[in-house]
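Below is one structure, written out as structure tokens, with a few remarks after it.
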Amino acid sequence: AGGAASAIAFALAEAGVVRLTVVNRSSEKAGQLVARLKEHFPAGMFVSQGTPAGHDIIVNGTSLGLKEGDALPVDPQYLRPEMLVAEVIMSPEVTSLLQIAKDSGCSIHPGKAMLDGQLAEMFDFFTR
């Protein structure tokens, strides 16, 4: 898993998620991230691979969605109206995944919000 996905996984673990499923194109990388999470949060339930069935939040931390015609990072059959679907991709602002999630009744969180948060943190860091 890449830097953004790893940071998001650790932030979710710090926030106390009950279960976190890490899916990556490389099962080895997913397993490595899960091992790091378990090391820092031994009480957490972290698994590598699997589906988002029964989850409340789906976060796309991959580059899938940057280009028109990219495969979806998540099978739309798992989307439920009570879910939040978040994206790290900033452009396009509404990726195919976010559009399908919105059409499925999910709440969505575009990737631009991540950039806004980074800029605020950078401002604080450099003006202390």
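The values are calculated or read from the model by the stated rules, or taken from the named source; none is laboratory data. Note that the structure is a prediction, hence the values are computed from the model and not measured. Virtual Cβ from ideal backbone geometry, glycine too; neighbours counted across all protein chains shown.
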Which residues, taken from segment 91-114, are of a type outside the set (Ser, Thr, Tyr) and closer than 24 Å to Ala15 by Cα? Leu98, Ala101, Cys106, Ile108, His109, Pro110, Gly111, Lys112, Ala113, Met114
Within segment 97-123, count every residue that is modelled with pLDDT of 95 or more, assigned to a helix (DSSP H, G or I) and of a type outside the set (Lys, Arg). 6
Might you let me know whether segment 64-72 holds any residue that is touching a strand residue (DSSP E or B) at 6+ places or on another chain (Cβ under 6 Å) and either in a loop (DSSP other than H, G, I, E, B) or free of Cβ contacts under 8 Å to residues at least 40 places away in the same chain (or both)? no
Residue list for segment 81-93, filter: modelled with pLDDT of 95 or more, surrounded by 15 or more Cβ atoms within 10 Å (Cβ to Cβ) and not in a strand (DSSP E or B): Met83
Going by the conditions given, is Ala5 touching a residue at least 60 places away in the same chain (Cβ under 8 Å) and surrounded by 20 or more Cβ atoms within 10 Å (Cβ to Cβ)? yes
Checked pairs for segment 39-55, first touching a residue at least 60 places away in the same chain (Cβ under 8 Å) and hydroxyl-bearing (Ser, Thr, Tyr), second surrounded by fewer than 18 Cβ atoms within 10 Å (Cβ to Cβ) and not in a loop (DSSP other than H, G, I, E, B), C-beta under 8 Å and 6 or more apart or across chains, list as none
Does Ser107 satisfy the condition of being outside the structural domain of Asn24 (by TED's automatic domain parsing) and surrounded by 13 or more Cβ atoms within 10 Å (Cβ to Cβ)? yes
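Here's the yes/no breakdown for (1) surrounded by 12 or more Cβ atoms within 10 Å (Cβ to Cβ); (2) in contact with a strand residue (DSSP E or B) (Cβ under 9 Å, 6 or more places away or on another chain):
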position: Val23; (1), (2): yes, yes
position: His40; (1), (2): no, no
position: Gly44; (1), (2): yes, yes
position: Gly54; (1), (2): no, yes
position: Thr62; (1), (2): yes, no
